[in-house]
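Peer 1: Sharing a structure below in structure tokens format, with a few things to ask.
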Amino acid sequence: MKKLINNYSAIFLLLTGIFIGSLVGIFAPQAVIYLKPLGDIFLNLLFVSVVPLVFFAVANSIASLEQQSKFGKIVISMIGTFLLFIIVSAVFTIVAVYLFPTEALPSNGGEIPESGTSTSWNDRLVSFFTVGEFTELFSRKNMLALLIFAFLTGTAVRKAGKPAEIFAGFLASGFEVMKQLLLMVMKGAPIGLGAYFAYQVATMGPELFGFYAKPLGLYYVAGAIYLIVFFSLYAWTAKGSGGAKIFWKNNIYPSLTALSTCSSFATMPANLQAAARIGIPSSIANIVIPIGSTLHKQGSSMSSIIKIYVAFLIIGEDFFDPINLMLALGITIFVSIVAGGIPNGGYIGEMLMISVYNLPVEAIPAVMILGTLVDPLATVLNSTGDTVAAMFVTKISGEKFRPPQLE
């Protein structure tokens, strides 16, 4: 029980902050004006921590990929499987929010600033991918341009070879430092988000609770359906009529591990053991499951769509516009793959979302709170999805399942 409490301490503390903030917003709304600066300070610290972390994380991961380029057919099959599963989970969630919509919050006379601009899509397209000055890269408003620059920097380090070893070390060191900085900043989340929630309750009223409850409940229902139905379908496709049965027989322990630890990395040993029992070749399991724990997150894919949908509800714009949906899928793929190996990578996805859609800062606390509350089920989907992905990779790579055994 003590270990369980430690693993979920961040969620417990955040819920405590939200609860206290809600009480303040309801019973002492006049105090909100003094609390909101705490939320602003937290968000500003988050912004300045996330931007350099994105650069170092992406550039460092690309620069260190050279030794992994020899995996050949298995790696190609793995990447295709990861993309397929992430896109399917995202599309499934889009259908779910379309069929079971949440009502937008009532307008409060301009409490939330305008999000749109009069610039053409051609101009916006250019601004998505590039900036005119180097210093503009390190702005939260240009996250996509920063990602592209980081990718190119990492590629250049690989091409430079031995002369770039010192710079590669700088990227690795910078990633570790900025990772720890972000973890330090996130310790203030209960206070910062609690203060922002007090502000939201005071300005939008008690109906805010129902507004959060609907997408939260939708995520858990849709996530449970996806877990049971789609994972069974993937296992059946990979191993025939007995695939789903053997997958679920050996997936109980990894699922409970994911729930109790709330960590994909902590669930990896249980997944590897389950893979051996299922009969997945070790040559595939030992590649797909460790890499998948970082780069394959179906639960994060579903939560990304939910958070983008909620952000559009807050600003009163149409999430189901085709262009918005295509951008949502692109952001989701990034959040589920690229940001998966970064601590609190979901928050980086939220910064990207704010930048690409030009959303107001006020949308960030809402999506951060939702992202935290869906984390238990998201972890189960993220981690146990690696095992079924390994089954799928075995099938499409032409490898053979071996007789199930313990390893």
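Peer 1: Bin width 5 Å, alpha-carbon pairs only: give the P(r) of region 167-320 as whole percents, running from 0 to the bin holding the largest distance.
Peer 2: Pairs per bin, as whole percents: 2, 7, 10, 14, 16, 13, 12, 11, 8, 4, 1, 0.
Peer 1: Can you list the lysines whose alpha carbon sits under 24 Å from that of LYS73, skipping same-chain ones fewer than 8 residues off?
Peer 2: Filter leaves LYS159, LYS239, LYS297, LYS395, LYS400.
Peer 1: Working from the pairwise distances between different alpha carbons, so that the mean of 1/r is found and then inverted, what is region 212-262's Kirkwood radius in Å? Before the final figure, lay out each step's value.
Peer 2: Numbers: mean 1/r = 0.0823 Å⁻¹.
In region 212-262 this quantity evaluates to 12.2 Å.
Peer 1: Rounded if a/c is under 1.5, else prolate if a/b beats b/c, else oblate: with a ≥ b ≥ c from the C-alpha gyration tensor eigenvalues square-rooted, which is region 147-196?
Peer 2: oblate
Peer 1: For region 245-312, list log₁₀ I(q)/I(0) at each q in 0.20 Å⁻¹, using the Debye formula over Cα point scatterers of equal strength and ignoring solvent, two decimals each.
Peer 2: -0.85
Peer 1: Ranked highest first by average number of other Cβ atoms within 10 Å, how do 382-394, 177-189 line up?
Peer 2: 382-394, 177-189
Peer 1: Could I ask something else about it? How much length, in nm to one decimal, is gained on full extension between PHE27 and VAL48, taken as 0.36 nm per residue of separation minus their Cα-Cα distance?
Peer 2: 4.2 nm
We did not get these values from a lab; they are worked out from the coordinates using the rules stated. Keep in mind the model is a prediction, meaning the values are calculated, not measured. Note that we place each Cβ from the backbone using ideal geometry, even for glycine, and neighbour counts take in every protein chain shown.
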